[in-house]
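Asks: Before we start, here is the structure in question, set down as C-alpha cells.
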Amino acid sequence: MRTIAIANQKGGVGKTTTAVNLSAGLAIRGYKTLLVDLDSQCNTTFTYLDPSLIKTTLADVLVGHHERPPLLDAIYETHIENLDIAPSHIRIALLERTVQIEEQYRLKDSLESLAGYEFAIIDCPPSLGMTLTQALLASSSVVVPIAAQYYPLEGVVDLTSTIHATKRPNPNLNVLGYLMTYFDPRNRICGEALNKIQEMFPSLVFETIIRTNVKLQTAPAFRESIYEHAPESNGSKDYEALTDEVLSRLSMNSHLRVVREAVK
C-alpha cells in the first residue's frame, strides 16, 4: 500500500479539498483507497459520512492505552466504489500528548495491519506536532498544498525541516510534490507565488495547478466529491489532472481501470 500524507501546517490552503478529491480520483480509476482523517476538525469525515452513523473513529484506535479497537473497526464504506474512510473525532487532538516512542507508530502499525488497499491518503491537521509526526512515520510520500497568496511559503520551510527530520526513522519518506492551490490567473500575486515556489522547489512543483473554483467549496455540503458535484468544472478537471500526475510520479497506471459509473 502506498501511503500519501497531505500536509501543510498553514490552514486554508486546500489540504482537505485535496485529500478528499485525490482519494476519490484514485478510487474512480479503480484503485482501492482508504481516506484517513487525522484532523480533529473532521471536515474530511463529514464530506462523506453522516456523523450519526459513526460508531468507532480513529481516536478510539490511536488514543489511550486500554481496549483500543483495531483500525478495521473504524473503517466505513463511502458511496464511491473503491473508496473507504477512517473518520476522525475531536478526541484525535489528544495525540498531541503522545510522548512514548511506541505510541508514535500506532498509525503506521494500524495501516500495515490492513490488506487489500492500494492507497492510503492521510488528511493531516494544519499544525506541526505529534499527530503530523504519526502521519509522516506512516507515509511513503507527502503532497504539500500551498495557496497562491502573498506569503505562499509561510510555514513550508518548517514543514520541510520536519519531513527531513522524519526521514531518519522513516528513510522511505519523500516529498512527492508541492501543489499550488487557489490560483487565479488574473491575479498578479498568484503568478508571483507560483514563480516563488518553482524557484524554491524547481523539480518538485506539480505541473497541475488547482484553480480557484467555488464548486470545490460547495461540494462537501452535498457530501460529494468534485467529480460528482460539478464534473465539468475547473475543479474537477484540475483534480483529475492531479490524480494523473500523482500516478505518473509514482510510475503507476493513470488510465481509468473502471468506468465513470463507479461514482454513484
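The values are calculated or read from the model by the stated rules, or taken from the named source; none is laboratory data. Quick caveat: nothing in here was measured; it's all calculated off a predicted structure. Quick reminder, even Gly has a Cβ in these numbers, built from the backbone with ideal geometry, and neighbours come from all protein chains shown.
Asks: Give the residues of the stretch 107-159 that are surrounded by 23 or more Cβ atoms within 10 Å (Cβ to Cβ) and in a loop (DSSP other than H, G, I, E, B), sorted by residue number.
Replies: Hits for the stretch 107-159 are CYS124, PRO125, SER139, ALA148, PRO152.
Condition check ((1) polar (S, T, N, Q); (2) in contact (Cβ under 8 Å) with a residue 24 or more places away in the chain; (3) out of contact with any helix residue (DSSP H, G or I) (no Cβ under 6 Å at 6 or more places or on another chain)) across all residues:
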| position | (1), (2), (3) |
| --- | --- |
| ARG168 | no, no, yes |
| GLY177 | no, yes, yes |
| PHE183 | no, yes, no |
| ASN195 | yes, no, yes |
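Asks: Go through the stretch 1-68 and tell me which helices (runs of 4 or more DSSP H), entirely inside it, have 3 or more residues that are more than 27 Å from PHE183 (Cβ to Cβ).
Replies: So the answer is 58-62.
Asks: Here is a follow-up. Within the stretch 15-22, identify whether any single residue is among the small types (Gly, Ala, Ser), out of contact with any His (no Cβ under 6 Å at 6 or more places or on another chain) and at pLDDT below 95, and answer yes or no.
Replies: no
Asks: For the stretch 160-189, which positions are hydrophobic (A, V, I, L, M, F, W, C), at pLDDT 90 or above and either closer than 24 Å to ILE209 by Cα or part of a strand (DSSP E or B) (or both)?
Replies: Once the filter is applied, which keeps residues that are hydrophobic (A, V, I, L, M, F, W, C), at pLDDT 90 or above and either closer than 24 Å to ILE209 by Cα or part of a strand (DSSP E or B) (or both), the stretch 160-189 yields ILE163, LEU173, VAL175, LEU176, LEU179, MET180, PHE183.
Asks: Kindly establish whether ALA59 is touching a His at 6+ places or on another chain (Cβ under 9 Å) and either of a type in the set (Asp, Glu) or surrounded by 15 or more Cβ atoms within 10 Å (Cβ to Cβ) (or both).
Replies: In short, yes.
Asks: Assuming SER203 fulfils every condition listed in (1) hydroxyl-bearing (Ser, Thr, Tyr); (2) surrounded by fewer than 18 Cβ atoms within 10 Å (Cβ to Cβ); (3) outside any helix (DSSP H, G or I); (4) within 20 Å of the chain's Cα centre (by Cα) apart from one, which condition is it?
Replies: Going through the list (1) hydroxyl-bearing (Ser, Thr, Tyr); (2) surrounded by fewer than 18 Cβ atoms within 10 Å (Cβ to Cβ); (3) outside any helix (DSSP H, G or I); (4) within 20 Å of the chain's Cα centre (by Cα), SER203 breaks only (4).
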